[in-house]
Amino acid sequence: MKTKTEKFQKYLDKLGINQLNPMQEAMVDTVLRRKNILLLSPTGSGKTLAFLLPLIKIIDLQKSSTQGLIISPTRELAIQIHSVLKKLSSGIRILLCYGGHSMREEKKSMSNIPQIIIGTPGRIHDHLRKGNLVLNELEVVVLDEFDKSLELGFHDDMKAILQNANVIQQYLLTSATDSVSIPDFLGIKIPTKLNFITEKRQSGKLNLWKVISPAKDKLDTLLDLISDLGETSSLIFLNYRDAVDRVYMRLADLGIEAGYFHGGLEQKDREVTLLLFRNGSNRILVTTDLSARGLDIPLVRNVIHYQLPDKEEQFIHRNGRTARMEATGNAFVLTSEYEKLKEYIPSDIKIYGIGKKKTAPPPPPMVTIEFNRGKRDKINKIDILGFLTKQGQLLGNDVGLIEIKKFNSFAAIDRTKAKRVIQNLKEKKIKGKSVKVHIIRN
């Protein structure tokens, strides 16, 4: 008898994964038994694949109707889920819809009825109001990070969406926190609960520190800490958008390479910011709690709490960005003598002593270049790599992460060779097509 991993091996091979983890195995088995499920599992544990794999088995490719709906609290998470499902090459017709994306283009894609829709609550509700979507044959609804959707104020949108789909056979709810309550409008009384959240998941791996600022304004202390941490990756968390802007501008004024991320940015800017952080062109990201979970960003070495959140759960989610799996990481709480720490901060928290060296960290070794050609032009990663090594005269190890989008592509390359590469690629063609290349700036 085949194991669950063997049953899905052809899909796992496409993602370079050898084996399902225990959470994914439990989720696959329970979903295929057609149970309503509440999955509790930490950020970064593989929840997306855990619900996508059984969903592939449930969808009937012969039916010309929307059978699956995946609702995500953020655009970035929706895009990430869509990307994973596309890579699985299951043959399922998929539609991705979210705010900041062309609604006209999304509506046009609906002419070939999608079998799975992935999107944010507000945009899906907009399509329903305009009569663009029909959900009367919907079988499975996935509410990914559903507590975050409710926290962001999407209660009414979600309720309206699900009231338009009255034959739903199965709900799959996921969350990274245990203290969640299921909204009444779902009509689920006692779902099967799969709890993979444990208090000890970071025990011995996360170093928690307190950094004391001598002044009420902690900016100078933050700069000293960044300098002390050197060439390691850091997420700096603040509670409000304007505070993120202020800290980012201060770093930029000092010539420190960093990015900033919050809900007030245009979608394109948000995507590029995450891309630069993901491929190592930025080591520092100043952000709100929007980055605490549900985003495709790499493991970071340091989490810096410039401002503490009100709730301990959010503090835990932030820290979950480091010290995952077998890695170790640091979480720093910046405070001044004028501040009172939140009750959830341990009274015996260690004090971190910043060294005397105050030299700002050097820029990251990589920089990102953008090409105005993408999937629409039948361009793939091998094409970009060959273009950079042959026409751009780079070595293979000069090129980092390559990402191909619909209309454009991005590649991380050696910072010291970037200007020469841009010069080499002037008026060159890729697959017989002219291409414009430029360096992405923060």
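The values are calculated or read from the model by the stated rules, or taken from the named source; none is laboratory data. Given the structure is predicted, the values throughout are model-derived calculations rather than measurements. With ideal geometry, Cβ positions are generated from the backbone for all residues, glycine too; neighbour counts draw on all protein chains shown.
Which of (1) farther than 20 Å from residue 235 by Cα; (2) more than 23 Å from the chain's Cα centre (by Cα); (3) of a type in the set (Gly, Ala, Ser) does residue 353 not meet, given it meets every other one?
Among (1) farther than 20 Å from residue 235 by Cα; (2) more than 23 Å from the chain's Cα centre (by Cα); (3) of a type in the set (Gly, Ala, Ser), residue 353 violates only (1).
Restricting the first residue to the range 331-348 and requiring it to be exposed (fewer than 13 other Cβ atoms within 10 Å of the Cβ), which pairs with a second residue that is assigned to a loop (DSSP other than H, G, I, E, B) meet a Cβ separation below 7 Å and a spacing of at least six or different chains?
338/216
Taking the range 314-339 only, how many residues are charged (D, E, K, R) and either touching a helix residue (DSSP H, G or I) at 6+ places or on another chain (Cβ under 9 Å) or under 17 Å from residue 221 (Cβ atoms) (or both)?
Of the residues in that region, 4 qualify.
So residue 176 fits all but one of (1) crowded, with 16+ Cβ neighbours inside 10 Å; (2) modelled with pLDDT under 90; (3) out of contact with any His (no Cβ under 7 Å at 6 or more places or on another chain); what number is the exception?
(3)
Restricting the range 194-229 to residues that are in a loop (DSSP other than H, G, I, E, B), of a type in the set (A, V, I, L, M, F, W, C) and closer than 19 Å to residue 321 by Cα, which is modelled with the lowest pLDDT?
Selected residue: 197.
Among the candidates 329, 386, which residue alone is within 30 Å of residue 213 (Cβ to Cβ) and outside the structural domain of residue 86 (by TED's automatic domain parsing)?
After applying the criteria, what remains is 329.
Restricting to the range 53-74, what's the tally of residues that are assigned to a helix (DSSP H, G or I) and surrounded by fewer than 21 Cβ atoms within 10 Å (Cβ to Cβ)?
The total comes to 3.
Within the range 124-150, restricting attention to residues that are part of a helix (DSSP H, G or I) and without any contact (Cβ under 8 Å) to a residue 60 or more places away in the chain, which residue is nearest to residue 81 (Cα to Cα)?
124
Out of the residues in the range 92-112 meeting the condition of being modelled with pLDDT of 95 or more and in a loop (DSSP other than H, G, I, E, B), tell me which one is nearest to residue 32 (Cα to Cα).
The extreme case among them is 92.
Closer than 18 Å to residue 363 by Cβ and assigned to a helix (DSSP H, G or I), is that true of residue 251?
yes
Identify the residue in the range 320-338 that is modelled with pLDDT of 90 or more and among the β-branched types (Val, Ile, Thr) and, among all such residues, is nearest to the chain's Cα centre (by Cα).
333
Return the residue satisfying two criteria in turn: it lies in the range 297-308 and is touching a strand residue (DSSP E or B) at 6+ places or on another chain (Cβ under 8 Å) and at pLDDT below 95, and of such residues it is surrounded by the most Cβ atoms within 10 Å (Cβ to Cβ).
It comes out as 300.
Determine if the range 176-186 includes at least one residue that is in the same structural domain as residue 346 (by TED's automatic domain parsing), polar (S, T, N, Q) and either outside any loop (DSSP other than H, G, I, E, B) or more than 24 Å from residue 80 (Cβ to Cβ) (or both).
no
Within the range 21-28, identify whether any single residue is surrounded by 23 or more Cβ atoms within 10 Å (Cβ to Cβ), in contact (Cβ under 8 Å) with a residue 24 or more places away in the chain and of a type in the set (Gly, Ala, Ser), and answer yes or no.
no
Given the conditions (1) assigned to a loop (DSSP other than H, G, I, E, B); (2) among the hydrophobic types (A, V, I, L, M, F, W, C); (3) in contact (Cβ under 8 Å) with a residue 60 or more places away in the chain, report the number of the one that residue 379 does not fulfil.
Unmet condition: (3).
Based on what the data block shows, is residue 106 in contact with a Cys (Cβ under 6 Å, 6 or more places away or on another chain) and acidic (Asp, Glu)?
In short, yes.
Would you mind telling me which numbered condition in (1) under 26 Å from the mean Cα position of the chain (by Cα); (2) closer than 22 Å to residue 224 by Cα residue 341 fails?
The single condition residue 341 does not satisfy is (1).
For the range 382-402, which residues satisfy the criterion of being out of contact with any Ser or Thr (no Cβ under 7 Å at 6 or more places or on another chain), touching a residue at least 40 places away in the same chain (Cβ under 8 Å) and either among the acidic types (Asp, Glu) or not in a strand (DSSP E or B) (or both)?
383, 387
Restricting to the range 252-308, name every residue that is without any contact (Cβ under 8 Å) to a residue 12 or more places away in the chain and over 16 Å from the mean Cα position of the chain (by Cα).
If the condition is that a residue be without any contact (Cβ under 8 Å) to a residue 12 or more places away in the chain and over 16 Å from the mean Cα position of the chain (by Cα), then 253 is the only one that fits.
Between 406, 375, 357, 428, which is at pLDDT below 95 and under 24 Å from residue 305 (Cβ atoms)?
357
Can you run down the residue pairs with Cβ atoms below 7 Å, 6 or more apart or on separate chains, where the first is in the range 421-434 and farther than 16 Å from residue 369 by Cβ and the partner is in a loop (DSSP other than H, G, I, E, B)?
That search, which allows pairs on different chains as well, returns 429/435; 431/378; 431/379; 433/373.
Select from the range 97-120 the residues that are surrounded by 21 or more Cβ atoms within 10 Å (Cβ to Cβ) and under 17 Å from the mean Cα position of the chain (by Cα) and list them in ascending order.
97, 98, 118, 119, 120
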